[in-house]
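See structure below.
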Amino acid sequence: MNFEDYFKSELEGLKEGGNYRIFADLERQKGKFPTATRYDVDGKSSEVTVWCSNDYLGMGQHPATLDAMKIALERCGAGAGGTRNISGTNHYHVLLEKELADLHAKSSALLLTSGYVANWAALTTLASRIPGCEVFSDTDNHASMIEGIRHSKAPKHLWKHNDVEDLDRKLSDADPAVPKLVAFESVYSMDGDICPLGEILDVCEKHGAMSYLDEVHAVGLYGPRGGGISEQLGLADRVTVIQGTLGKAFGVMGGYIAASSNLVDFVRSFASGFIFSTALPPALAAGATASIQHLKVSDMERMRQRKNVRLLRQKLDAIGLPHMDNESHIVPVMVGDAKKCKFISDLLLENYGVYVQPINYPTVPEGTERLRITPSPLHSEEDIDHLVNALSELWAQCALSRAVA
Ligand SMILES: *Cc1c(COP(=O)(O)O)cnc(C)c1O
């Protein structure tokens, strides 16, 4: 086989469909969030306003986060120096795990190198090591959950996205004696919709199933202390496993699960993706801890973010630009065509200094291509006006339809 030709032709296929991924080369500017310097292929640079960051609250540049990281870097140096088991457990990891357990009112938490690894490792371990376990997975679950479930080789049942009756039916069809694990998310990343958590938990409890909740797009953002949708609704104690990331609203990096001491100790003791990987640098753990602590007591960032989300939605409505209605901080502006979506994103960047990555298939279904906009507390009203005007001009240029105002 000619490997090079094969790689090239596969990539050509992606390019023809408008699905080839091109990364914007950015240098984020500390203190000027959401501004970044963007380098083009010729190495020329320009200033852009980032409108699609998952550093939802700008905590990646917050003095509380940075000061903690600087101190830990000076005290401990760069890396952790090993896996958690072999010399890599730093005191900062221990403090962070205590902070996470407290955030979710669970007795224990386990830190992993990313949210992806947390889902992959925890779901693989639970579903493969609980004898006979069957998994019930929401159809819109994130790739990291899908891969973890697949790797466990446990029987998997898909239930219709956020459809409690379908979940109930699927659980009822299964053998009552079989251990069951229900995996789902609170805030879904691409549509920004929120699961009916209470009803899902009712159904899980009715069937004696464990609940595994990915709160990656909710931690730091919802609940009085940033404990996510489960905290906001006062339901955290009924969720078996809460999973989250330190890389989005907390602005740093890392992932975790929070649950009972026995469950966490079980994953710690059996999960290959935890045991055999170098621990996160102590400075990251210190920064994440400070960020969580800040958002536990400060509501200002969440308030300002919500205000900006409302403002953007109002201004889009005023000119009839279609966006998906949801109750979260994620504003999906619907284009519905892969090539136009990419074209609009390119022109926003080239002509307006606005960076929004196009979201195309396979991340979202074909025909629902979109610009996924995430207003932060640090965008100004002028930033919003500039974005909406730019979108309005490009909408006209692409002959895209508008809602009747
Ligand atoms: C981003 C994401 C993850 C992975 O978290 P990382 O910390 O970025 O690896 C997991 N679940 C969902 C729903 C996500 O969007």
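The values are calculated or read from the model by the stated rules, or taken from the named source; none is laboratory data. Fair warning: this is a prediction, and the values are worked out from it, not measured in the lab. Quick reminder, even Gly has a Cβ in these numbers, built from the backbone with ideal geometry, and neighbours come from all protein chains shown. We work out accessible area using only protein heavy atoms, side chains counted, and drop any ligands, DNA or RNA first. Shrake-Rupley method; radii C 1.70, N 1.55, O 1.52, S 1.80 Å.
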- Message: On the basis of being within 16 Å of the ligand (Cβ to nearest atom), charged (D, E, K, R) and either open to solvent by less than 10 Å² (accessible area, probe 1.4 Å) or over 30 Å from Pro375 (Cα atoms) (or both), does Arg169 make the cut?
- Response: no
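For (1) open to solvent by 50 Å² or more (accessible area, probe 1.4 Å); (2) at positive phi; (3) not in a loop (DSSP other than H, G, I, E, B), each residue gets a yes or a no:
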| site | (1), (2), (3) |
| --- | --- |
| Glu301 | no, no, yes |
| Lys339 | yes, no, yes |
| Thr368 | no, no, no |
| Trp395 | no, no, yes |
- Query: If you go through segment 217-230 one residue at a time, do you hit one that is within 11 Å of the ligand (Cβ to nearest atom), in contact with a Ser or Thr (Cβ under 6 Å, 6 or more places away or on another chain) and touching a residue at least 12 places away in the same chain (Cβ under 8 Å)?
  - Reply: yes
- Query: For segment 2-20, how many residues are exposed (fewer than 10 other Cβ atoms within 10 Å of the Cβ) and assigned to a loop (DSSP other than H, G, I, E, B)?
  - Reply: 1
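Quick one: which helices (runs of 4 or more DSSP H) sit completely within segment 196-284 and have at least 2 residues that are out of contact with any Cys (no Cβ under 7 Å at 6 or more places or on another chain) and among the polar types (S, T, N, Q)? First the steps, then the outcome.
Details: elements: 197-206, 229-232, 261-270, 272-275.
Once the helices (runs of 4 or more DSSP H) in segment 196-284 are filtered for at least 2 residues that are out of contact with any Cys (no Cβ under 7 Å at 6 or more places or on another chain) and among the polar types (S, T, N, Q), what remains is 229-232, 261-270.
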- Query: Say we look at segment 127-165 and pick out the residues that are assigned to a helix (DSSP H, G or I) and away from the ligand (no atom under 16 Å from the Cβ); which of these is farthest from Pro365 (Cα to Cα)?
  - Reply: Arg129
- In segment 172-184, what residues are part of a helix (DSSP H, G or I) and either open to solvent by less than 20 Å² (accessible area, probe 1.4 Å) or not polar (S, T, N, Q) (or both)? Asp173
- Selection over segment 54-107 where residues are open to solvent by 50 Å² or more (accessible area, probe 1.4 Å), closer than 28 Å to Gly192 by Cα and of a type in the set (S, T, N, Q) yields a count of 0
- Please work out which one of (1) part of a loop (DSSP other than H, G, I, E, B); (2) within 14 Å of the ligand (Cβ to nearest atom); (3) touching a residue at least 60 places away in the same chain (Cβ under 8 Å) is the condition Tyr116 fails and give its number. (1)
